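Novice: Before I ask anything, here is the structure I am working with.
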Amino acid sequence: MAQKIILALLLVSSVAFAGEPLPRKILALYDAREYSDHFFTPLHQQAEMPLNYLGMELVFRDVNQPLPSTAEMANFRGVITWFEKRQAVQRPADYCSWILSEMDRGKKLVILGRLGFATMERDRIDPVCQKALEKLGVRYLGNRSESRFFLKITKKDHDMVEFEHDLGANDDLNYAQFKIVDPRAHVYLQANRIDMSDSESALVITSPNGGLVYDSYVLIEDRDLHKLHWRINPYRFFEEAFGVTGWPRPDPTTMNGSRIFYSHIDGDGIFNVSHIDQHSYSAEIILEDVLKKNLDVPVSASIIAGYLDLPQYAGEREMSLYRNLFSLSNVEPGVHGYAHPLIWKKQTVALKIPGYQYSVDMEVKGAVEKTRNLLSKLHIPKDVTLYQWTGNCLLPPEALASAEAAHVENMNGGDTRFDRQFDSYAFVYPLSIVKGGRRQVYISASNENTYTNLWEGPYYGYADVLQTFDNTESPRRIKPVNIYYHYYSGERQAALQAVKKAYDYAHTHSLLAMWASDWPPIVNDFFATKVTPIAGGYQIHNLGKLRTIRFDHERRNVDMLHSKGVVGFAHERGSLYVSLDEGVDHSIILTSAHQDRPYIINATFKTRAFQWEPGGIRFEKLGWMTSHMRLGGMHPNATYTILAGTAPFSEKADRNGELEIHFSKAEMGRQYQEVIVRLSQ
């Protein structure tokens, strides 16, 4: 029954937006008087990640600045607010009139926390605001109370309102009275005041026009223990409130059915003397004990370019370190600032360079140029393709402009953790943040600095990153695996062992490894992707970097004969993961029929030039670490011959028509290898 409902919703979505790209943007309104930077808002730090997971993009705007025109809102699905003050909105009537007009045009309204437009005097709201709430499905009657002792919960949906934390008897639970006026609304939490008659209130609802989660029912925070947990189930709530059930989701975590993995090193501590042998630089330890022992793992290793202008760090030993580091086939050069800004807004830097005064262009573009000159001087035929942000990573827009001018990708910031200390999705950051119209791409997992209390210890703390890897994989794949650390992990044996454990994790899981510089283009493509309903499925147009579209709650298969630009699919965690080719135009047609045309279920390498031939397929592969794949749509129990640059070998498909192929070696990023899979004679 549930499957029929989901398919019906998918059909409704397709009809509603036929011929037009699905509107994946959501306007996030916040009060800039309370938050000087939208980075600090709960909309960014908590709500945006699950909305990204659902395929949506948040666009931030100060609620007290001019609101978008009707034309500007054309590509938006709706509006979301999460106000912490009752009077966040300075002009409630104008604001609510705008909200009401957008809702009349089909936009969804989602309210988290406080309304933001209630007056202090007798807790009243403007009549036009009442109309907007009634359009949402409720009437606001006030009668607020912040006393838990007067509150009695009369109805709750455990999965929706007790996602990570139960509604405890001693929790601070607030009350305001919302009366349902739309019979189509779904009430997930209902309560009344025992000191009032006729006080029933709908505190968590979704409706055809959006949703509401009142005040303390969104999150619970324990400031003493530094704990934060979702009360509401953000995935289920946002999916229902924004009406995006069944929508295809661009998914940046996955390629060819496998979880993405990348690794990068920030330049801090490169010349710190290691406590391990009291002689080696920390980076020399990392070079010998980590990078050279994991030559099958691509690593983006950065330097702080200002060291090149300090004579004490420009001798033969230092040049030899740079040469040996950047000459490794599994290392791509990155840049981690010139003097390493610590707090960008205050222009404080970590590295003291005589005569230098902070300059955004010198910290970014200048540092890239100096590193490129170093590579030329050392006769290393590589380019700098990645800038790794420094310090607090709270950037001025000019920094992003400078990175763009230097023709490098950018990354860092958004220190995702999900482990025994930070045990909630509330600490998992979104994909990125936009400053001045340019995008800063976030990492996928935090580094050892946060796990060691800013390098105060315990030095083995980074070993807990494995919990983040696991928790962001199941029950939902939220993030790629990202092994991210500094050279100063080579200072301490415990820290070094923690880094090694992280690489052991990568080697014992089926991952698709890539350069860290590959990650930002995938994230940028998430936002560039256009999804348009067509007969029987969807058309996908993107930049060819993001290679996976995910359908949640989907049991159907991909029609491999009638789809275009699709190389495979896999059913994982109740979702359908569809693998795209390297092109920019794709069409995905869904079907309930079993597929008897060869397709990739999963592979631990990139592919290109995928094509079908009589009795098999041909493609090119490029990978790292172990190299294996699983194909579907093959002839059951048939034997296939595989040609892949070495002596031909054979594998037999199972009774379900699935074929496992284990290649003897990976390409280690050098060049694509042609593979032919055909029925044996």
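Novice: Can you name every residue in region 261-284 that is crowded, with 24+ Cβ neighbours inside 10 Å and either modelled with pLDDT under 95 or hydrophobic (A, V, I, L, M, F, W, C) (or both)?
Specialist: Answer for region 261-284, where residues must be crowded, with 24+ Cβ neighbours inside 10 Å and either modelled with pLDDT under 95 or hydrophobic (A, V, I, L, M, F, W, C) (or both): Phe261, Ile265, Ile270, Ala283.
Novice: Further, regarding this structure: Out of region 618-660, which residues are more than 38 Å from the chain's Cα centre (by Cα) and hydrophobic (A, V, I, L, M, F, W, C)?
Specialist: Scanning region 618-660 gives Ala638, Ala647, Phe649.
Novice: Here is a follow-up. Give the residue, chosen from Leu151, Leu136, Leu173, Leu141, that is over 15 Å from Ile111 (Cα atoms) and either of a type in the set (Phe, Trp, Tyr) or under 33 Å from the mean Cα position of the chain (by Cα) (or both).
Specialist: Leu173
Novice: Now for a different question. Under the condition of being over 28 Å from the mean Cα position of the chain (by Cα) and closer than 30 Å to Trp624 by Cβ, which residue from region 327-371 is surrounded by the fewest Cβ atoms within 10 Å (Cβ to Cβ)?
Specialist: In this case the residue turns out to be Ser329.
Novice: Search region 485-537 for residues being more than 21 Å from Met668 (Cβ to Cβ) and of a type in the set (Phe, Trp, Tyr), and hand back the single one that is surrounded by the fewest Cβ atoms within 10 Å (Cβ to Cβ).
Specialist: Only one residue fits best here, namely Phe527.
Novice: If a residue must be small (Gly, Ala, Ser) and at pLDDT below 95, how many such residues does region 20-52 contain?
Specialist: 1
Novice: If you go through region 287-318, how many residues are within 30 Å of Leu512 (Cβ to Cβ) and in a helix (DSSP H, G or I)?
Specialist: 8
Novice: Please tell me if Ile588 is of a type outside the set (Phe, Trp, Tyr), within 23 Å of Arg259 (Cβ to Cβ) and crowded, with 18+ Cβ neighbours inside 10 Å.
Specialist: yes
Novice: Would you kindly identify the strands (runs of 3 or more DSSP E) lying entirely within region 56-150 that contain at least 2 residues that are among the charged types (D, E, K, R) and within 26 Å of Pro183 (Cβ to Cβ)?
Specialist: Hits in region 56-150: 138-145.
Novice: Criterion first (β-branched (Val, Ile, Thr), in contact (Cβ under 8 Å) with a residue 60 or more places away in the chain and more than 26 Å from Gln46 (Cα to Cα)) does Val481 satisfy it?
Specialist: no
Novice: In region 386-415, which residues are closer than 14 Å to Ser446 by Cβ and surrounded by fewer than 23 Cβ atoms within 10 Å (Cβ to Cβ)?
Specialist: Asn392, Cys393, Gly413, Asp415
Novice: Test each condition in (1) acidic (Asp, Glu); (2) outside any helix (DSSP H, G or I); (3) farther than 23 Å from Ser444 by Cβ; (4) not assigned by TED's automatic domain parsing to the domain that holds Arg114 for Glu284 and report the one that comes out false.
Specialist: (2)
Novice: Could you look through region 591-619, keep only residues that are over 23 Å from Asn637 (Cβ atoms) and among the β-branched types (Val, Ile, Thr), and pick out the one that is surrounded by the fewest Cβ atoms within 10 Å (Cβ to Cβ)?
Specialist: The residue in question is Thr591.
Novice: Also: For region 203-237, enumerate the residues that are under 18 Å from the mean Cα position of the chain (by Cα) and buried (at least 24 other Cβ atoms within 10 Å of the Cβ).
Specialist: Pro234
Novice: Restricting the search to region 319-347, which residues are touching a residue at least 12 places away in the same chain (Cβ under 8 Å) and part of a helix (DSSP H, G or I)?
Specialist: Once the filter is applied, which keeps residues that are touching a residue at least 12 places away in the same chain (Cβ under 8 Å) and part of a helix (DSSP H, G or I), region 319-347 yields Met319, Leu321, Tyr322, Arg323, Asn324, Leu325, Phe326, Ser327, Trp344, Lys345.
Residues are listed down the side, and each one gets a yes or a no for (1) surrounded by fewer than 20 Cβ atoms within 10 Å (Cβ to Cβ); (2) under 20 Å from the mean Cα position of the chain (by Cα); (3) not in a loop (DSSP other than H, G, I, E, B):
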residue: Gln421; (1), (2), (3): yes, no, no
residue: Ile433; (1), (2), (3): no, yes, yes
residue: Arg439; (1), (2), (3): yes, yes, yes
residue: Ser446; (1), (2), (3): no, yes, no
residue: Leu466; (1), (2), (3): yes, yes, yes
residue: Glu473; (1), (2), (3): yes, yes, no
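Novice: Being over 30 Å from Ala528 (Cα atoms) and of a type outside the set (Lys, Arg) is true for just one of Ala609, Ala653, Ala603. Which residue is that?
Specialist: Only one candidate passes the filter, namely Ala653.
Novice: Do any strands (runs of 3 or more DSSP E) entirely within region 159-260 hold 3 or more residues that are at pLDDT 95 or above and among the polar types (S, T, N, Q), and if so, which?
Specialist: Result: 201-207.
Novice: Going residue by residue through region 636-652, is there one that turns out to be surrounded by 15 or more Cβ atoms within 10 Å (Cβ to Cβ) and either under 26 Å from Ile549 (Cα atoms) or assigned by TED's automatic domain parsing to the domain that holds Leu511 (or both)?
Specialist: No, region 636-652 contains no residue that is surrounded by 15 or more Cβ atoms within 10 Å (Cβ to Cβ) and either under 26 Å from Ile549 (Cα atoms) or assigned by TED's automatic domain parsing to the domain that holds Leu511 (or both).
Novice: Now, a different point. Return the pairs, sorted by first residue and then second, in which the second residue is assigned to a loop (DSSP other than H, G, I, E, B) and of a type in the set (Ser, Thr, Tyr), the first residue lies in region 179-195 and is assigned by TED's automatic domain parsing to the domain that holds Pro234, the beta carbons are less than 8 Å apart, and the residues are 6+ apart or on different chains.
Specialist: From residues that are assigned by TED's automatic domain parsing to the domain that holds Pro234, the pairs are Asn192/Ser199; Arg193/Ser199.
Novice: On to the next question. Just name the residue that is surrounded by the most Cβ atoms within 10 Å (Cβ to Cβ) out of those in region 149-178 that are touching a residue at least 12 places away in the same chain (Cβ under 8 Å) and of a type in the set (Asp, Glu).
Specialist: Glu162
Novice: Next question, about the same structure. Could we say that Thr508 is hydroxyl-bearing (Ser, Thr, Tyr) and in the same structural domain as Glu404 (by TED's automatic domain parsing) here?
Specialist: yes
The values are calculated or read from the model by the stated rules, or taken from the named source; none is laboratory data. Nothing here was measured: the structure is a model prediction, and the numbers come from that model. A quick note on method: Cβ atoms are made from the backbone with ideal geometry, for glycine too, and the neighbour counts reach across all protein chains shown.
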